[in-house]
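The values are calculated or read from the model by the stated rules, or taken from the named source; none is laboratory data. Small disclaimer: the values here were computed from a predicted structure and weren't measured. All Cβ positions, glycine included, derive from the backbone under ideal geometry; neighbour counts span all protein chains shown. SASA here: full protein model, heavy atoms, side chains in, ligands and nucleic acids out. Shrake-Rupley method; radii C 1.70, N 1.55, O 1.52, S 1.80 Å.
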Amino acid sequence: EMPREVEIPAEGSMPYELVEIDPKITHDVWVRASQVRPGNPAVVHHVVVFVLPPGVEKIDEEGGDFLAAYAPGMPPRVMPDGVAKRIPAGSKIMLQLHYTPRGKTQVDRSRLGLVFADPATVHKELMSGMALNFHLQIPPGASDYVSRADFRFSRPSKLLSVLPHMHLGGKSMKFVAEYPDGRREVI
């Protein structure tokens with residue numbers, strides 16, 4: 001559970017709430033499944049959970065490693081046999097919570113569940129990347145504004161999934177893979 005309750009105002013715009021948890025991990029652990037459960041689904045728009053390895057202080061284009069998420073309709077994240085996500089010793093967990101006010105003051109205490117793997121059973125490490133545009137500025141009145149975000153793999157990889165997410169202003173999303181030989185493919 002979150003270490004504290006978050007109060008959501010009755011109305012108005014609310015910035016993301018960031019909650020840092022120090023699980024005091026003394027050795028690397030491996031996560032093979034995760035689930036985020038909103039404490040108050042009526043106001044929780046999404047929750048994104050990041051690992052902040054030692055030396056990383058905040059979530060930005062360079063910092064924070066995706067661990068788990070919740071948006072309405074998302075199932076638990078369960079990795080194939082032998083695949084797990086490593087959380088390095090000394091890491092902290094950062095929850096990014098986004099709320100939607102509903103006309104009266106609300107309270108939330110969302111929860112994160114993790115299923116750990118025996119390190120001897122892990123044959124492949126799950127790597128996570130983010131293609132985010134932190135500088136998105138949609139001009140007022142724009143009806144067909146295009147935003148772009150890129151992610152470059154640092155080594156040959158197998159893409160297991162993508163987690164598209166946009167808010168009410170979004171109309172469509174397209175994912176394009178560009179291979180080292182220049183070939184492009186809509187995925």
Open item on the list: Exactly one of these conditions fails for residue 55: (1) in contact (Cβ under 8 Å) with a residue 24 or more places away in the chain; (2) under 26 Å from residue 135 (Cβ atoms). Give me its number.
Closed with: (1)
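Within the stretch 92-107, identify whether any single residue is touching a strand residue (DSSP E or B) at 6+ places or on another chain (Cβ under 7 Å) and small (Gly, Ala, Ser), and answer yes or no.
As a first pass, look at the stretch 92-107 and keep what is touching a strand residue (DSSP E or B) at 6+ places or on another chain (Cβ under 7 Å): 92-101, 105-107.
Checking which are small (Gly, Ala, Ser) leaves us with none.
Scanning the stretch 92-107, I find no residue that is touching a strand residue (DSSP E or B) at 6+ places or on another chain (Cβ under 7 Å) and small (Gly, Ala, Ser), so the answer is no.
Please pick out the residue among 132, 168, 163 that is at pLDDT below 85, farther than 29 Å from residue 82 by Cα and either open to solvent by 70 Å² or more (accessible area, probe 1.4 Å) or not in a loop (DSSP other than H, G, I, E, B) (or both).
Numbers: 132 fails: farther than 29 Å from residue 82 by Cα; 163 fails: farther than 29 Å from residue 82 by Cα.
The match here is 168.
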Task: Residue count, the stretch 74-98 (criterion: touching a His at 6+ places or on another chain (Cβ under 6 Å) and over 17 Å from residue 32 (Cβ atoms)) - done: 2
TODO: Could you give me the residue pairs with C-beta distances under 7 Å whose first residue belongs to the stretch 72-95 and is on the phi > 0 side of the Ramachandran plot and touching a residue at least 12 places away in the same chain (Cβ under 8 Å), whose second residue is assigned to a strand (DSSP E or B) and open to solvent by 20 Å² or more (accessible area, probe 1.4 Å) wherever it lies, and which are 6+ apart or on separate chains?
DONE: 82/124
- [ ] Scan the strands (runs of 3 or more DSSP E) fully inside the stretch 1-120 and keep the ones with 1 or more residues being surrounded by fewer than 15 Cβ atoms within 10 Å (Cβ to Cβ).
- [x] 6-8, 17-21, 29-37, 106-108, 111-116
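Taking the conditions exactly as written (part of a strand (DSSP E or B) and either under 18 Å from residue 32 (Cα atoms) or at pLDDT 90 or above (or both)), does residue 177 satisfy them or not? Even if it seems obvious, please write down each step before you answer.
On the way: part of a strand (DSSP E or B): yes; either under 18 Å from residue 32 (Cα atoms) or at pLDDT 90 or above (or both): yes.
The answer is yes for residue 177.
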